[in-house]
Every structure is written in structure tokens, then in C-alpha cells.
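Notes follow the structure.
The values are calculated or read from the model by the stated rules, or taken from the named source; none is laboratory data. Just so it is clear, the model here is predicted, and its values are computed rather than measured. Note that we place each Cβ from the backbone using ideal geometry, even for glycine, and neighbour counts take in every protein chain shown. The area values use the complete protein model at the heavy-atom level, side chains included, leaving out ligands, DNA and RNA. Shrake-Rupley method; radii C 1.70, N 1.55, O 1.52, S 1.80 Å.
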Amino acid sequence: VLQPYSQNWNFGVQRELPGSILVDATYVGARGLHLTQSSYGNYNLNQLRPQTLALGAQLQQLVPNPFFGLIRIDPLASQNIPRSYLLADYPQFTQVLAQFMTGASSIYNSFQLKSEKRFRNGLGFLLAYTAGKLIGDAGSNNSVGRMVQPQDVHNRRADRGVSPEDVSQRFVLSYVFELPVGRGRKFGKQWNWAVDAFLGGWQLNGITTFETGQPLLLTTQDTSLSGGAVLRPNNNGKSANLGGEISQRLGRYLDTSVFSRPAPFTFGNVGST
């Protein structure tokens, strides 16, 4: 088992603008190799291979069981068993589940912009904006129950796509504004201490965040009969995006007509996200 590791790199420039405003623009990249899969993603190493699935309904035909009398646990204890059992990589088992497998990879590229003005003359703020993309072949977001599970354990490249953790754009602005009201300030500088105690010295503080949503994971009823964990639908080549105001699309956010269930003994062509 190879040890997971990551590579990180960045390049940035800084410049101070008039008004003591610091601007920092940076490119940040990262790459993960031999990453450990999520423990929630049980991988059945006995999943039928695509070339085997091409046999179609022949996989369900009953054939003599060569393990009859040797294995006494159903379903391999029967005298006749479906042909698919014998065409698996490990025919003496119905499933071979693996956890914490390594071998996954990821790549992240981003542009990060930061602007900061330290508190001075009653105003201070920190602005941060990130535009990036996280791509991988075994992403997961366990905090909200969104795990990418492989459709075909024998073809990891087919699971490569935008990670479910990806937030492509994020804008955060934090600020402190001291109101010019009170003793020694523009308004109310002659107030007595009692009035100033109630009306002076106020600040406005806040953190404002805007960010794009995370990718959706689309699945359908598993009709592949391959023994895998999940099946994805087919797409007819058209985008599922619908235009218009979000408030008018709450009952139909996506055009579901562009998706369909794959034929039996086949995998869907939709990506992991």
C-alpha cells in the first residue's frame, strides 16, 4: 500500500495601494496522490467487468455449481447458480469488499485575491475572493452524506470529475466601521459623558459571504446487475440547466427529461457529479 501524500505550490504578488490598502493576488495549486478512499465507499472487488456484462441475460441462466457440497452458505450452496457468479474475479465469494483503499488522486487550481485595510480612521476591512476547481476520482462530503461511490471499480478514470466538496467561487467580506458619532468625533463631539455613554462609540461589524453551490450527485436504480454500489443515469447529450429566477424553479430545478435509466447490464454515461 502506497502512502498518501500531497504536493502544493503557489505564486503571488502583493502591492500596497493609497489609503494603506494591501492587495494580495495568488495562484494556489495542490495535488493529492495515492489518497485513501472514504470508509463509506465499500468497493466490491468482485464486481462484474464490462466485457462480462455484455453477455446480458445469459448471466442470469442457471448453471451447475462447481462448489456444490464445498460451500454450505447460500447462495453458493445451491446445486445450480446464476452464471454471473462463476464469471466474477473471485467466484468462490459473492462479494469481496475493500475499505480504506488507496490509489485515488485529486488536483486543485485556484486564483485567490485578498484586500486588507487595517483599522484606521474608523474603518477596517478584509476582503477575500477565491475562484478555483477541485477535481478528483474519489471525493466525498461525509458531513452532509454526499459520497462519490464508483460505478465501475475496474475503471477509476470514469469516476474522475468535479469533487462534491468543490465550491468554485467564494467571496467573503468582513468589516468594522466606527460611526463618527460621540465625544471627539464629527457628530456629537461636545456631548457630555452621560449622553456619549448611550449614543457615542458605536460600531458596525459584519461578515458577508457569497458562494456557489456544490455539485449534485445523480444516481438511479441499479439495473446493471454488476454487483456494484451505485448506477448513474444516461444523459441524451443536452444540458439539464433551466433558466429563469430560482424562485420560479423550486418545483423543477433541473430538466429531468434529459436523463434516463440505462439499459440492463450497462453502466450510465453521467459523470460522478
task: Give the label of the value calculated from the structure for P(r) over Cα pairs in 10 Å bins from 0, in percent, choosing from [x] 6, 29, 38, 22, 4, 0; [y] 6, 26, 29, 20, 12, 6, 1; [z] 6, 18, 21, 19, 13, 9, 6, 4, 2, 1, 0.
output: [z]
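At 222 nm, what helix-only mean residue ellipticity would the chain give, in deg cm²/dmol to the nearest 500, using -39500 (n - 2.57) for each DSSP H run of four or more? Provide the component values of the computation, followed by the final result.
Details: 3 runs with 15 residues, N = 273.
Rounded to the nearest 500, the figure is -1000 deg cm²/dmol.
Per residue, how much accessible area does the chain show when a 1.4 Å probe rolls over the protein heavy atoms, in square angstrom? Don't jump to the answer; show the numbers that get you there.
On the way: 17170 Å² over 273 residues.
For the chain, the solvent-accessible area averages 63 Å² per residue.
Which whole-number percentage describes the relative contact order of the chain, with Cα contacts under 8 Å and a sequence gap of 6 or more?
Details: 603 pairs, mean separation 46.7, N = 273.
RCO, the chain: 17 percent.
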message: Show me, for the stretch 202-218, the HN-Hα J-couplings you get by feeding each phi into the Karplus relation (A = 6.51, B = -1.76, C = 1.60, θ = phi - 60°), rounded to Hz, glycine and proline as x.
response: 7, 10, 10, 10, x, 10, 10, 10, 10, 8, 6, x, 8, x, 8, 10, 9
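Assigning unit charges at the beta carbon (Lys, Arg +1; Asp, Glu -1) and nothing else, what dipole magnitude in debye, to the nearest 20, does the stretch 1-134 show about its Cα centre? Don't skip to the answer; put the middle values down first.
Working: 10 positive and 5 negative charges, 77 e Å.
I would put it at about 380 debye.
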message: Suppose the chain between F177 and L216 were pulled fully straight at 0.36 nm per residue; how much longer would it get relative to their current alpha carbon spacing?
response: 10.2 nm
- request: In a Gaussian network model over the chain where Cα atoms closer than 10 Å are linked, find which of Q190, Q169, Q92 has the largest mean-square fluctuation.
  value: Q190
message: Let's see if you can work this out: charge +1 on each Lys and Arg Cβ, -1 on each Asp and Glu Cβ, no other charges. What is the dipole magnitude of the chain about its Cα centre, in debye to the nearest 20?
response: 640 debye
task: Once you have the Cα-Cα distance between V13 and A131, take 0.36 nm times their residue separation minus that, and quote the gain in nm to one decimal.
output: 40.8 nm
Note, ³J(HN,Hα) from phi for the stretch 119-130, Karplus 6.51, -1.76, 1.60, rounded to Hz, x at Gly and Pro: 4, 7, 6, x, 9, x, 7, 9, 10, 9, 10, 10
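Rounded to the nearest 0.05, what FRET efficiency do S168 and N269 give with R0 = 22 Å and r taken as the Cβ-Cβ distance? Could you check?
Details: r = 23 Å, r/R0 = 1.05.
Approximately 0.40, to the nearest 0.05.
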- request: Kindly write out, for the stretch 230-243 in residue order, the coupling ³J(HN,Hα) from the Karplus curve 6.51 cos²θ - 1.76 cosθ + 1.60 (θ = phi - 60°), rounded to whole Hz, with x marking Gly and Pro.
  value: 7, 10, 9, x, 9, 10, 7, x, 9, 6, 8, 5, 10, x
statement: Bridge orientation stat for the chain from DSSP, antiparallel percent rounded to 5, came to 95 percent
query: Between V96 and L55, how many nm apart are label points set 7 Å from Cα along the C-beta direction?
result: 1.7 nm
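Among the trypsin sites (Lys or Arg not before Pro) in the stretch 30-127, which ones are in a DSSP loop with at most 14 other Cβ atoms within 10 Å of the Cβ? Mind listing them?
Details: sites: R31, R72, R83, K114, K117, R118, R120; in loops: R72.
Here the trypsin sites (Lys or Arg not before Pro) that fit, given the DSSP loop and packing criteria, are R72.
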task: Distance between Cα centroids, the stretch 238-273 to the stretch 166-198: provide it in whole Å.
output: 48 Å
- request: Grab the Cα-Cα distance for Q190 and S6, subtract it from 0.36 nm times how many residues apart they are, and report the gain in nm with one decimal.
  value: 60.2 nm
message: What do you get for chymotrypsin sites (Phe, Trp or Tyr not before Pro) in the stretch 73-105 restricted to DSSP loop and a cutoff of at most 13 other Cβ within 10 Å of the site's Cβ?
response: F100
field: Amide hydrogen neighbours beyond the local backbone of L35, cut-off 5 Å, H modeled
entry: G103, A104, S105
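First compute the accessible area of the stretch 63-200 with a 1.4 Å probe, then give the percent of it belonging to carbon and sulfur atoms. Intermediate results must be reported in sequence, preceding the final value.
Working: 4760 of 8460 Å².
Roughly 56 percent of what the probe reaches on the stretch 63-200 is carbon or sulfur.
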